[in-house]
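The values are calculated or read from the model by the stated rules, or taken from the named source; none is laboratory data. All values derive from a computational prediction rather than experimental measurement. Note that each Cβ is placed from the backbone with ideal geometry, even for glycine, and that neighbours are counted across all protein chains shown.
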Amino acid sequence: MSSSTDASPRVVRLPATLNNLAHLATMLEKLERSPRAPDPGQYRHLVDRVSAELTRHAGHIALPQLLECFPATAELYENQRYDVAGLCLSPLERSVQTEQAARDALAAMRQR
């Protein structure tokens, strides 16, 4: 696997059970970084498949390594678990800012 945040590739050894998820995550990264907008149906189908694999492998000991290499998949994983874990993979400052923005938006809606 190569990291999408680094210019140089890095090797991450994953168990064979995560190969399908790694391949799907690679496709999602390519779609996310593509200069062309993806077909909405294709994108939705891919996100559904990645989500299903993430659910299937939740708690796998090697999952954090995979998520470090694939930011789009990590964001999807975080969104799946937001109700119980918040923005657990995001930097703390970004998480706090996002939580505060959500509170501010809710307060503004209540005042209307």
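Structure summary
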read-out: Breaking point among (1) modelled with pLDDT of 95 or more; (2) in contact with a Ser or Thr (Cβ under 8 Å, 6 or more places away or on another chain), for A52; value: (2)
read-out: Members of the stretch 46-55 found to be free of Cβ contacts under 8 Å to residues at least 12 places away in the same chain and surrounded by 11 or more Cβ atoms within 10 Å (Cβ to Cβ), listed by number; value: A52
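Table: residues versus (1) under 13 Å from the mean Cα position of the chain (by Cα); (2) at pLDDT below 90.
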{"position": "N20", "(1), (2)": "no, no"}
{"position": "L46", "(1), (2)": "yes, no"}
{"position": "D83", "(1), (2)": "no, yes"}
{"position": "R94", "(1), (2)": "no, yes"}
